[in-house]
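Everything on this sheet refers to the single structure shown next.
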Amino acid sequence: MDSGSNSGRLNAVASRRADGAKVVGIDQAIFTCIRTPMGQGYRVVAASRGLRAKESSEIVTHAPSGDGLCDEGPEPVGISFFPLQSGRFCILHSRYAGAEPTGRGGQRAYTRAFVLDAEQLARFGNSPFQVLRAAYAAGTLVADLKPPTTLPTVDLLPQPPQIAMRLAEAVHEPGTVWLCHLMDKLLAGDTLIVTADINLPRLADALLAAIPAPLRTTISFSAGVRFSVGRTYRLSVLSGSTEPIERLLRGQPACVLDLTQAEPLHTELTHAWAIAANRLLQTGRAVELAAFTAHRFSAADAHAVEAVGRAILVCEDARTCDTTGLIRTVVARLQGKANGPLDAELTEELVQLATGRLTEAIPQARRPVLDEAWQTLCTLRHTSPRIERFKDETIRSIVLRTSEAAPMEAIAMASQAVRAGLEIIRSSEWAALEATLSERAGKWLAAANAETLPWARQVLQGWLVHAINERNMAEILKCVDERVEQEETAPTPPES
Amino acid sequence: MSTLSTPSFLASGQCLICDRVNQADAVVCCACGAPMTLINEAIEQQREPRIITILGESNVGKTVYLGFLLDMLSKRAGGLEAIPKGAYSVNLQQAVIAYMSARQFPPKTPLEVDHWKWAYYQVRRQKELDEEWFDLLLPDMAGEALAEEIETPQTYRAITGLLSKSMGALLLIDAAVAASGSPHPDYFALKLMSYVDKAFAIGRGARAKNPIAVVLCKADYCPECFDNPRVFAQTNLNRLWNLCDSRFQNVEFFAASTVGALGFATSDSGQVIPMPLHAAPRGIMEPFEWILGRIQAD
């Protein structure tokens, strides 16, 4: 490396510009072919002081040299991302900068390298493309063929990721089927080489956008850079035929896919996250997927991406299954152990969803649907405090909703639940419910048909055994008794 | 083809350069990028090839020199009979001769190891028909890769492996630049020979015995180089000269050139492009013959 400096100074995680914006100071280097007093040929010609010698070597082995880009467009660009042995990460932005300077034909490759640690990369959502967008905005991606030997660190301002937009674009190109198929392979741990005739960096960007942010640092990739066995990436996105690459890779574990085909040979997805992403994208919910990958999925969830995928699918299925199935789904989730904060959060969302749906559905359901669902809920066994709480909250919610139109029916359901084994533990919440039931029962009684009074008495007597505020219920029962007595002693109207 | 048993020092699937064991059907070594066909050739010949490594900075002329050398061997120059093993062994010389015939220099050698050209030849003296054939492996590596390997050893495993297994080396130096007074070729050669010293070291304080031919390329710019290459080196590459004297037992200096006349054109973008007007190889075989002689003598 021409700069030769290796002070080992670490970059600050973030600092503020004069205008107060919080920027990230990043080490950079330039790899290209120019003639200087120190030498000629492709090498690191300039670097910031924090770049270590070994890191410089790794840039040399990864950066493309002359005619090293595979994009056939007018202004081809190649992007690479890989971890360094030092523990930091390197992002390479390669382009052509004029003709090869020794006159031997071909184009001169020019690569700007950005080296940053995990904390700095996290500021950009663990997306190398976000780093490059910030670099572009800072004017750092311009080819400088007379750079100073020592470069300053570059201050980059993280920008909003616009993940949803990238996913929405990917739905059109390469399409949801291919995108999720590639994601499936990557998450399964495969080394993937993809040839395509579309914008190669954009494809890699979309793939990363569909993967949770904490996992992006594990996906080394190159896009638009000529394939070489010496540069091993998890993902290589190239143009051209797959045949020479397949030949070179014979005997090595890698999956070579050609995106110019209409769809993959085998479309079945196996990884739960890929399946969940596919579901969300197919139903036009790129925004939801973006929320998961950009914000909701934290580092604490990194070990459980498949479990989170399954949780998303469970929540999705729960939206359309019947009430009995919904209860069973919730119980199954509550019986299991949470695999991280997002998994727990999704379970909680499922519980809320189930409670809401059951609250709406059960009071309006016709028998036997009402009976089956209600019985399933009431007879749930308390295998864990979480299930007990779900049962308690859901029953109270259903009883309360039912009482709006049919307070006696609601009281009867509450009695039924208790007889089936519900333990009234949260007495304050049940007391509040009971007060509401009492009030509504009183109003109902005032307009009740005489024929229903005996039944109402039976219901109230049944609840009185379990009542929290016995006096309240006893008073209503007394009113019912009085009305029944009135009806019995009322003179019979004469027959006309 | 008869079925041969594998010699004990060779194993199918084992890279000839870095010894890494690969899958049986691998085309290139997963560790260093060298072609696996080399080991297959060695197994077929029932002997390990003798590796002669061509070393030199970027743009010194390694590809052109090697291309002409191989082409001359194919034409039985110097009384040597040479047979390429595999069509891939002919690619380099074909490319060089084709480009030079079109009055162009061949393209820059890529840094990627799997894009290098390798030549595997069987060689013997034409007159000595009862002399055993021996195999030569001559890789054409990128100068920049070599420069990086010197700065940070083990960056390119292929180079590390090549040098550790080389029986000899051809070190190419740009005589024209050296003659113009630039110290750069001398410094590069000094660094390179320091690296080679470690690779060829046989013990503490001992001088390396592997034959090294220092080839002063582009000597058509400075014809005095042909008169006495040793004096030229001692004068213009003094640091190299002193190191060779101290650390190497078997070093000789040669002058060589391939281009008879050089013209210069200007591209549309204003870039000056050197054009070889005609080829006039001189001093190509001598360094190779010298190394061969030294190797066979051992």
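The values are calculated or read from the model by the stated rules, or taken from the named source; none is laboratory data. The structure presented is a predicted model; accordingly, all values stated were derived computationally and were not measured. Note that we place each Cβ from the backbone using ideal geometry, even for glycine, and neighbour counts take in every protein chain shown.
Brief remarks follow.
- One residue stands out in segment A:461-491 among those that are within 17 Å of A:ASN449 (Cα to Cα) and of a type in the set (Asp, Glu): the one that is surrounded by the fewest Cβ atoms within 10 Å (Cβ to Cβ), namely A:GLU488.
- Residue within segment A:386-405 that is farther than 21 Å from A:ARG319 by Cβ, buried (at least 22 other Cβ atoms within 10 Å of the Cβ) and hydrophobic (A, V, I, L, M, F, W, C) present: yes
- Of the residues screened, A:VAL237 is one that is away from chain B (no Cβ under 14 Å), under 30 Å from B:THR155 (Cβ atoms) and surrounded by 19 or more Cβ atoms within 10 Å (Cβ to Cβ).
- Out of A:PHE129, A:PHE124, A:PHE114, sole residue that is under 14 Å from A:ALA46 (Cα atoms) and of a type in the set (Phe, Trp, Tyr): A:PHE114
- Applying a threshold of 6 Å to beta carbon distances and a minimum spacing of six or more residues, or different chains, the list of pairs starting in segment B:100-127 at a residue that is more than 14 Å from chain A (Cβ to nearest Cβ) and ending at one that is of a type in the set (Asp, Glu) reads B:LYS117/B:ASP140; B:TYR120/B:GLU41; B:GLN122/B:ASP135; B:ARG124/B:GLU81; B:ARG124/B:GLU131; B:ARG125/B:GLU131; B:GLN126/B:GLU81.
- Output for segment B:157-175, where each listed residue is within 13 Å of the chain's Cα centre (by Cα) and either within 12 Å of chain A (Cβ to nearest Cβ) or under 15 Å from B:ARG50 (Cα atoms) (or both): B:ILE159, B:LEU162, B:LEU163, B:SER166, B:MET167, B:GLY168, B:ALA169, B:LEU170
- Of all the criteria given as (1) modelled with pLDDT of 95 or more; (2) in a loop (DSSP other than H, G, I, E, B); (3) more than 14 Å from chain B (Cβ to nearest Cβ), the one not satisfied by A:PRO161 is (1).
- Filtered residues of segment B:159-192 (kept if part of a helix (DSSP H, G or I) and of a type in the set (A, V, I, L, M, F, W, C)): B:ILE159, B:LEU162, B:LEU163, B:ALA175, B:ALA176, B:VAL177, B:ALA178, B:ALA179, B:PHE188, B:ALA189, B:LEU190, B:LEU192
- Unmet requirement for B:GLN154, which otherwise passes all of (1) at the interface with chain A (Cβ under 10 Å from one of its Cβ atoms); (2) surrounded by 18 or more Cβ atoms within 10 Å (Cβ to Cβ): (2)
- Members of segment A:241-252 found to be surrounded by fewer than 17 Cβ atoms within 10 Å (Cβ to Cβ), over 21 Å from A:TRP178 (Cα atoms) and more than 7 Å from chain B (Cβ to nearest Cβ), listed by number: A:PRO244
- Out of A:GLY139, A:GLY125, A:GLY103, sole residue that is within 14 Å of chain B (Cβ to nearest Cβ) and either farther than 30 Å from B:VAL96 by Cα or of a type in the set (Gly, Ala, Ser) (or both): A:GLY103
- When each of A:HIS172, A:HIS181 is tested for being more than 24 Å from A:ALA113 (Cβ to Cβ), part of a helix (DSSP H, G or I), at pLDDT 90 or above and not acidic (Asp, Glu), the lone residue that passes is A:HIS181.
- The listed residue being under 26 Å from A:SER397 (Cβ atoms), β-branched (Val, Ile, Thr) and without any contact (Cβ under 8 Å) to a residue 24 or more places away in the chain, out of A:THR329, A:THR347, A:THR324, A:THR320: A:THR320
- Residues of segment A:275-305 satisfying the condition of being more than 11 Å from the chain's Cα centre (by Cα) and crowded, with 18+ Cβ neighbours inside 10 Å: A:ILE275, A:ASN278, A:ARG279, A:LEU281, A:ALA304
- Residue that is farthest from B:ILE97 (Cα to Cα), among those in segment B:268-298 that are touching a strand residue (DSSP E or B) at 6+ places or on another chain (Cβ under 7 Å) and at pLDDT below 85: B:SER269
- Scan of segment B:42-59 for residues that are surrounded by fewer than 20 Cβ atoms within 10 Å (Cβ to Cβ), touching a strand residue (DSSP E or B) at 6+ places or on another chain (Cβ under 8 Å) and either within 13 Å of another protein chain (Cβ to nearest Cβ) or part of a helix (DSSP H, G or I) (or both), ordered by number: B:GLN45
- Residues in segment A:106-122 that are closer than 20 Å to A:LEU151 by Cβ and either surrounded by fewer than 17 Cβ atoms within 10 Å (Cβ to Cβ) or away from every other protein chain (no Cβ under 14 Å) (or both): 9 in all.
- Among the residues of segment A:423-441, those identified as over 15 Å from A:ALA405 (Cβ atoms) and in contact with a helix residue (DSSP H, G or I) (Cβ under 6 Å, 6 or more places away or on another chain) are A:ILE424, A:LEU433, A:SER438.
- Hey, A:LEU269 closer than 20 Å to A:THR320 by Cα, out of contact with any Lys or Arg (no Cβ under 9 Å at 6 or more places or on another chain) and surrounded by 15 or more Cβ atoms within 10 Å (Cβ to Cβ) or not: no
- Residue that is of a type in the set (Lys, Arg) and within 17 Å of B:ALA256 (Cβ to Cβ), where the choices are B:LYS117, B:LYS127, B:LYS62, B:LYS108: B:LYS62
- Any hit, segment A:210-221, residues being touching a helix residue (DSSP H, G or I) at 6+ places or on another chain (Cβ under 8 Å), in a loop (DSSP other than H, G, I, E, B) and of a type in the set (Phe, Trp, Tyr): no
- For segment B:176-191, a residue qualifies if it is within 10 Å of chain A (Cβ to nearest Cβ) and either touching a strand residue (DSSP E or B) at 6+ places or on another chain (Cβ under 8 Å) or under 28 Å from B:CYS32 (Cα atoms) (or both), and the qualifying residues are B:HIS184, B:TYR187, B:PHE188.
- Any chance B:ALA24 is farther than 27 Å from B:CYS217 by Cβ, out of contact with any strand residue (DSSP E or B) (no Cβ under 9 Å at 6 or more places or on another chain), within 12 Å of chain A (Cβ to nearest Cβ) and surrounded by fewer than 22 Cβ atoms within 10 Å (Cβ to Cβ): yes
- Conditions (1) part of a helix (DSSP H, G or I); (2) surrounded by 20 or more Cβ atoms within 10 Å (Cβ to Cβ); (3) of a type outside the set (S, T, N, Q); number of the one not met by A:ARG231: (1)
Each row is one residue, and each column tells you yes or no for (1) at positive phi; (2) at pLDDT below 95; (3) of a type in the set (S, T, N, Q).
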| residue | (1), (2), (3) |
| --- | --- |
| B:GLY86 | yes, yes, no |
| B:ASN91 | no, yes, yes |
| B:GLN104 | no, yes, yes |
| B:LEU111 | no, yes, no |
| B:LEU129 | no, yes, no |
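- Condition broken by A:ALA97, with the remaining ones in (1) outside any strand (DSSP E or B); (2) within 14 Å of another protein chain (Cβ to nearest Cβ) satisfied: (1)
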